[in-house]
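The values are calculated or read from the model by the stated rules, or taken from the named source; none is laboratory data. Everything numeric in this text was worked out from a predicted model, so none of it was measured. All Cβ positions, even for glycine, are placed from backbone atoms using ideal geometry, and neighbour counts span all protein chains on display.
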Amino acid sequence: MHKNRLGELLVLNGSLSPAELQKALIVSKSTGKPLGRVLSDERIVNGSVIRRTLIEQFMLRSVMTSMTLFFSFAGIAGGAKTARAASIKDVPARVAFQQASAYAPMGQYPKLFGSTEKQSSSLTAFTKWTGMFERFDAALNTAGGQQQMTAFKAQLEFLRGLPVNKMVAGVNDIVNRVPYINDSQIYGQSDYWATPMEFLKNGGDCEDFAITKYVALRALGIPEERMRILILQDMQKNVPHAVLVVYTDNGAVLLDNQIKTVTNVERVSWYKPIFSINRDSWWLHTKPKGNVTVVASASR
């Protein structure tokens, strides 16, 4: 059996997110502890779930290779009906200054870091992403949530109607002023996807910066199809990371809490993409020449 089969099965059954798997694999490698022990000790996955999955792993044995497992996941994702993209309410539209119809559709999307992309419109496994939208929508129905978003939009007001590059730079600068704080310090969880209101109140980590930038740019009229949250591996720090990608008429750019200025994707060489997602679809990023990377989701 491949060493990462347990992690892959936990991702497939929705018990583990790809970011959590990446972190746990790094800890396992550095400490020499088995992956299951790391997941249990860090309280990322319940022990009974790990035991049940280990039994499933034993029964599967070598019948399925990692490639087969990947395509099984792709088949499940493609056939799921309960969490299609259309089922996710367009919550960012509730806070928009203007409609996004002024922007021409993208004719072609540049490859991110030279990767090959496999697209699916099934968001079944991405419960952290879909759950964030549900909490965001609920918060907008409260007086406190409305006040927070009104105050945030006041900060964005001066960017309305500016060229895309100036809007993107302005949003990146505003959001990057929020303090970086680990999820475990705020929520007692290793990987929590915060709503913009939660992030603006408490601070947050990399995916929270990316989500709030995405909502801000949606409010300013940038259309959904021109943006993705990108989960990647920082090859210099050897840790998972998240950024916002915006597809401009001059190429794809990164809005990154680790980089002060907006940067063209082509100028960054130390990131390895894992998956990207927006409200419509998600994309698995693989190495050129058919080498498959880790299967990724944003599940609990």
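Filtering region 125-169 to residues that are part of a helix (DSSP H, G or I), aromatic (Phe, Trp, Tyr) and touching a strand residue (DSSP E or B) at 6+ places or on another chain (Cβ under 7 Å) leaves only TRP129. Could you tell me whether THR150 is at pLDDT 95 or above, surrounded by 19 or more Cβ atoms within 10 Å (Cβ to Cβ) and assigned by TED's automatic domain parsing to the domain that holds ASP249? So THR150 fails the test. Going by what's in this entry, would LYS213 be described as buried (at least 24 other Cβ atoms within 10 Å of the Cβ), charged (D, E, K, R), farther than 20 Å from LEU123 by Cα and assigned by TED's automatic domain parsing to the domain that holds ILE277? In short, yes.
How many residues does region 170-214 contain that are part of a loop (DSSP other than H, G, I, E, B) and among the hydrophobic types (A, V, I, L, M, F, W, C)?
Looking only at that region, the number is 4.
When the residues of region 153-167 are filtered to those that are in contact (Cβ under 8 Å) with a residue 24 or more places away in the chain and of a type outside the set (D, E, K, R), the one that is surrounded by the fewest Cβ atoms within 10 Å (Cβ to Cβ) is ASN165.
Scanning region 221-242 for residues that are farther than 27 Å from LEU284 by Cα and not charged (D, E, K, R) turns up nothing.
Here SER62 meets each of (1) in a loop (DSSP other than H, G, I, E, B); (2) exposed (fewer than 14 other Cβ atoms within 10 Å of the Cβ); (3) at pLDDT 70 or above with one exception, condition (3). Scan region 185-203 for residues that are modelled with pLDDT of 95 or more and at positive phi and the total you get is 1.
Take the conditions β-branched (Val, Ile, Thr), assigned by TED's automatic domain parsing to the domain that holds GLY107 and over 20 Å from ASP173 (Cβ atoms) and apply them to ILE231. Does it pass?
On the way: β-branched (Val, Ile, Thr): yes; assigned by TED's automatic domain parsing to the domain that holds GLY107: yes; over 20 Å from ASP173 (Cβ atoms): yes.
Yes, satisfied.
On the stretch given as region 223-279, residues that are closer than 23 Å to PHE97 by Cα and either exposed (fewer than 13 other Cβ atoms within 10 Å of the Cβ) or of a type in the set (Ser, Thr, Tyr) (or both) total 3. Within region 85-108, the set of residues being at pLDDT below 85 and in a loop (DSSP other than H, G, I, E, B) comprises ILE88, GLN98, GLN99, ALA100, SER101, ALA102, TYR103, ALA104, PRO105, MET106, GLY107, GLN108. Against the definition (polar (S, T, N, Q) and free of Cβ contacts under 8 Å to residues at least 24 places away in the same chain), how does ASN141 come out, yes or no? In short, yes.
Among the residues of region 117-143, those that are buried (at least 18 other Cβ atoms within 10 Å of the Cβ) and either farther than 27 Å from ARG160 by Cβ or of a type in the set (Phe, Trp, Tyr) (or both) comprise SER120, SER122, LEU123, THR124, ALA125, PHE126, THR127, LYS128, TRP129, THR130, PHE133, PHE136. Return the residue satisfying two criteria in turn: it lies in region 261-289 and is over 18 Å from TRP129 (Cα atoms) and of a type in the set (A, V, I, L, M, F, W, C), and of such residues it is modelled with the highest pLDDT. Filtering region 261-289 for residues that are over 18 Å from TRP129 (Cα atoms) and of a type in the set (A, V, I, L, M, F, W, C), the one modelled with the highest pLDDT comes out as VAL262.
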